[in-house]
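Worksheet: the structure to be examined is printed underneath.
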Amino acid sequence: MSSYAFRKFKNRLFFCLGIVAVVVALVPLGSIIIEVVVKGAPELSIGFLTEAPGVVGQSAGGIGPAIQGSLILIGLTSAIGIPIGILSGIYLAEFGNNIYGTLMRMFSDVLTEFPSIVVGVTIFLAFVLYVGHFSPLAGAFALSFILIPIVSRTTEESMKLVPNSIREASLALGVRRWRTTISVVLTAAKAGLITGALLAVARIAGETAPLIMTVLGNSYFFQGFNEPIDALPLRIWRDALQPYPAFIAQGWGAALVLILIVLTINVGVRIASRGRRGFR
């Protein structure tokens, strides 16, 4: 077998192995989505999406407070975590070739792999016990520790993919370093930053363990930033523990709604950011 024929064989072999790996990954994902849709779709209705949960043993009610609570938590966490994550990623990519950057990368990697329940316990001890009550702010702080390292590392890697020649061309024109970073490098890495933020939001949207220790959950609509709040992951978890078929069905419906919310956020941000030039 000639060298060219062997390289062609290896190319086809690894292409086929890549296809097999994609199929192996998609089969369990597809089966989960199909099961959630089949069991959750019959529960969807206006009342299901807007009403409060019912009394255990009687009517299951709806998941309105859980939807509201999840959106509030996602918004608060994004407002806290995404700017910090992007700024830290910019520092690591552009100015992080030092001991401080090395330490930041190490802590980001540790936090990325940290069990979420440990984050929840930490915020419970450091914040909830200090203020004396569960709250959406406590939940947002806990979820921020999960979101920030993901956004930070994806921002860093996205900015490192921008060729140095682009930076040098901007600097050669007399543009200051900070202006080059904001107006040129960030614009070129915009797609990666958006993707990283969406991945982080998708990750925190389904977290349950930190919320048990920080927001507690309830059956009411939003009552203030100093009161417990419901969320879809908490509602799914509680419904799954119930022995009543109506509540178990409600949990499947809530799982489908959570998937649809994450999908809507991803598609919406992609559409909103399409065609924009970024920073000027």
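The values are calculated or read from the model by the stated rules, or taken from the named source; none is laboratory data. Nothing here was measured: the structure is a model prediction, and the numbers come from that model. Virtual Cβ from ideal backbone geometry, glycine too; neighbours counted across all protein chains shown.
Before moving on, here are some points about what is shown:
- Only one of the listed residues (THR181, THR208, THR214) is among the hydroxyl-bearing types (Ser, Thr, Tyr), buried (at least 19 other Cβ atoms within 10 Å of the Cβ) and under 19 Å from the mean Cα position of the chain (by Cα). That residue is THR214.
Yes/no matrix, rows are residues, columns are (1) over 18 Å from PHE95 (Cα atoms); (2) in contact with a strand residue (DSSP E or B) (Cβ under 8 Å, 6 or more places away or on another chain); (3) touching a residue at least 12 places away in the same chain (Cβ under 8 Å):
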| site | (1), (2), (3) |
| --- | --- |
| VAL128 | yes, no, yes |
| GLY139 | yes, no, yes |
| SER144 | yes, no, yes |
| GLU157 | no, no, yes |
| ARG167 | no, no, yes |
| ARG176 | no, no, no |
| ARG179 | no, no, no |
| ILE182 | no, no, yes |
| GLY192 | yes, no, yes |
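- Any chance THR77 is modelled with pLDDT under 90, within 16 Å of VAL201 (Cβ to Cβ) and β-branched (Val, Ile, Thr): no
- Region 223-242, residues that are of a type in the set (Asp, Glu) and within 16 Å of PHE48 (Cβ to Cβ): ASP230, ASP239
- Residue pairs whose Cβ atoms lie under 7 Å apart, sitting 6 or more positions apart in sequence or on different chains, and linking a residue in region 29-57 that is over 16 Å from SER70 (Cβ atoms) to a partner that is in a loop (DSSP other than H, G, I, E, B) and hydrophobic (A, V, I, L, M, F, W, C), are GLY54/ALA60.
- Single residue of region 229-239 satisfying the filter (crowded, with 21+ Cβ neighbours inside 10 Å and not acidic (Asp, Glu)) that is farthest from ILE74 (Cα to Cα): ARG238
- Taking (1) at pLDDT 90 or above; (2) under 24 Å from LEU232 (Cβ atoms) in turn, GLU156 satisfies each apart from (2).
- All positions within region 125-146 that are assigned to a helix (DSSP H, G or I) and more than 20 Å from ARG203 (Cβ to Cβ): LEU125, ALA126, PHE127, VAL128, LEU129, TYR130, VAL131
- Among the residues of region 213-228, not one is in contact with an Asp or Glu (Cβ under 7 Å, 6 or more places away or on another chain) and under 11 Å from ILE72 (Cα atoms).
- Members of region 199-232 that are touching a Gly at 6+ places or on another chain (Cβ under 6 Å) and assigned to a helix (DSSP H, G or I): ALA209, PRO210, LEU211, MET213, THR214
- Among the residues making up region 69-83, a single one is within 19 Å of LEU260 (Cβ to Cβ), touching a residue at least 60 places away in the same chain (Cβ under 8 Å) and surrounded by fewer than 19 Cβ atoms within 10 Å (Cβ to Cβ): LEU71.
- When region 223-256 is filtered for residues that are touching a residue at least 12 places away in the same chain (Cβ under 8 Å) and among the aliphatic types (A, V, I, L, M), the ones remaining, listed by number, are ILE229, ALA231, LEU232, LEU234, ILE236, ALA246, ALA249, ALA254, ALA255, LEU256.
- Scanning region 1-45 for residues that are of a type in the set (Gly, Ala, Ser), surrounded by 10 or more Cβ atoms within 10 Å (Cβ to Cβ) and not in a helix (DSSP H, G or I) returns a single hit, SER45.
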